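Okay, structure first, notes after.
The values are calculated or read from the model by the stated rules, or taken from the named source; none is laboratory data. Because the structure is a prediction, the values reported are computed rather than measured. Backbone-built Cβ (ideal geometry, glycine too); neighbour counts: all protein chains shown.
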């Protein structure tokens with residue numbers, strides 16, 4: 001069977017998208033916005049669409065650059081690039097920790113800490129092999145499992161849940177959108193591919209990017225509405241594994257092992273993409289001299305896993321997800337800022353999309369839960385300071 005480039009691009013991006021945000025993110029979103037969190041995915045999707053356009057155009061202008069860090073450095077200079085790199089590494093570590101926590105909560109709830117650590121190490125060692133038919137199979141499995149959850153939740157009358165009172169206001173909805181931003185950020189699998197991934201031309205991306213974001217939005221709304229229907233906002237906000245608890249509430253306990261399989265596939269597929277992104281940023285830092293020379297690529301993987309493991313052991317999955325979303329949003333703020341100054345001949349999307357993406361990325365980052373915002377700020381300060389200190393000391397060594 002012949003696979004068209006458009007279909008291949010959509011499936012690759014979906015395999016990197018359907019992860020912690022979909023299986024874990026609705027609980028912290030409900031905690032800050034109540035039942036109104038269902039408005040948040042649309043806001044996050046618009047921001048993600050603009051960010052996807054910016055990364056696609058920058059990869060087209062700098063096809064050999066080491067991802068967003070190199071884009072920012074080429075367009076804005078070294079110090080913004082160091083801040084952007086720190087934000088990206090904080091974001092990747094948080095999302096990876098959340099994926100490990102999601103894997104433990106759904107697949108091995110009795111040994112979740114050990115299971116999460118094993119997932120991080122195993123995916124770093126073998127995740128590069130997730131290409132071709134394996135990527136297709138993982139995306140289809142996850143979509144099928146999510147569809148099963150939605151159908152079961154809507155086919156069974158939910159238990160009585162306390163009615164929602166009042167609304168969260170603009171801050172609450174934006175806070176939920178900040179957390180759910182990671183639902184959509186797998187688009188970089190096709191807009192800024194790493195070594196070994198297929199590179200798609202602009203005409204394919206003009207089709208695939210909106211389709212991927214649109215499908216992710218439909219999935220997020222469907223799954224979010226399903227778990228909200230069965231659990232209610234109050235129970236959902238406290239759930240460590242919302243989809244599992246919604247299945248049990250809908251008398252679908254027999255299907256929990258099927259959900260565990262879907263969560264395992266989603267965790268591995270998404271985590272491979274997340275760790276690859278961290279590795280590419282670290283590679284760019286080494287190439288520019290902001291990090292000491294590290295010749296063995298596996299050592300960069302070790303650094304990425306150590307950062308993710310530290311976040312995993314120190315933070316709850318919900319907090320790790322919020323930190324990951326906050327760091328990722330700030331990183332895309334710098335990426336959009338650098339996309340704004342691309343030459344006209346390097347653009348396939350209007351400059352106004354980068355301007356909108358810049359504003360929305362900063363707004364989402366600033367709207368993250370207070371503890372996540374504080375932790376992200378500390379991570380940015382420490383990371384940027386260490387990178388700058390290494391660069392200052394380097395000529396003398």
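Couple of notes before you dig in:
- Qualifying residue in the range 318-329 (condition: in contact with a helix residue (DSSP H, G or I) (Cβ under 9 Å, 6 or more places away or on another chain), modelled with pLDDT under 90 and part of a helix (DSSP H, G or I)): no
- Any hit, the range 193-207, residues being within 17 Å of the chain's Cα centre (by Cα) and either part of a loop (DSSP other than H, G, I, E, B) or modelled with pLDDT under 95 (or both): yes
- Residue within the range 140-152 that is over 18 Å from residue 255 (Cβ atoms) and either buried (at least 24 other Cβ atoms within 10 Å of the Cβ) or without any contact (Cβ under 8 Å) to a residue 12 or more places away in the chain (or both) present: no
- Residues satisfying the stated conditions in the range 238-256, i.e. in a helix (DSSP H, G or I) and under 25 Å from the mean Cα position of the chain (by Cα): 242, 243, 244, 245, 246, 247, 256
- Restricting 364, 374, 356 to those that are surrounded by fewer than 16 Cβ atoms within 10 Å (Cβ to Cβ) and part of a helix (DSSP H, G or I) reduces the list to 374.
- The single condition from (1) at positive phi; (2) at pLDDT 95 or above that residue 97 fails is (1).
- Selection status of residue 278, part of a helix (DSSP H, G or I), more than 17 Å from residue 91 (Cα to Cα) and either modelled with pLDDT under 95 or in contact with a strand residue (DSSP E or B) (Cβ under 9 Å, 6 or more places away or on another chain) (or both): no
- Matching residues, the range 128-176, being at pLDDT 75 or above, under 19 Å from residue 27 (Cβ atoms) and not in a helix (DSSP H, G or I): 158, 159
- Qualifying residue in the range 284-294 (condition: on the phi > 0 side of the Ramachandran plot and outside any helix (DSSP H, G or I)): yes
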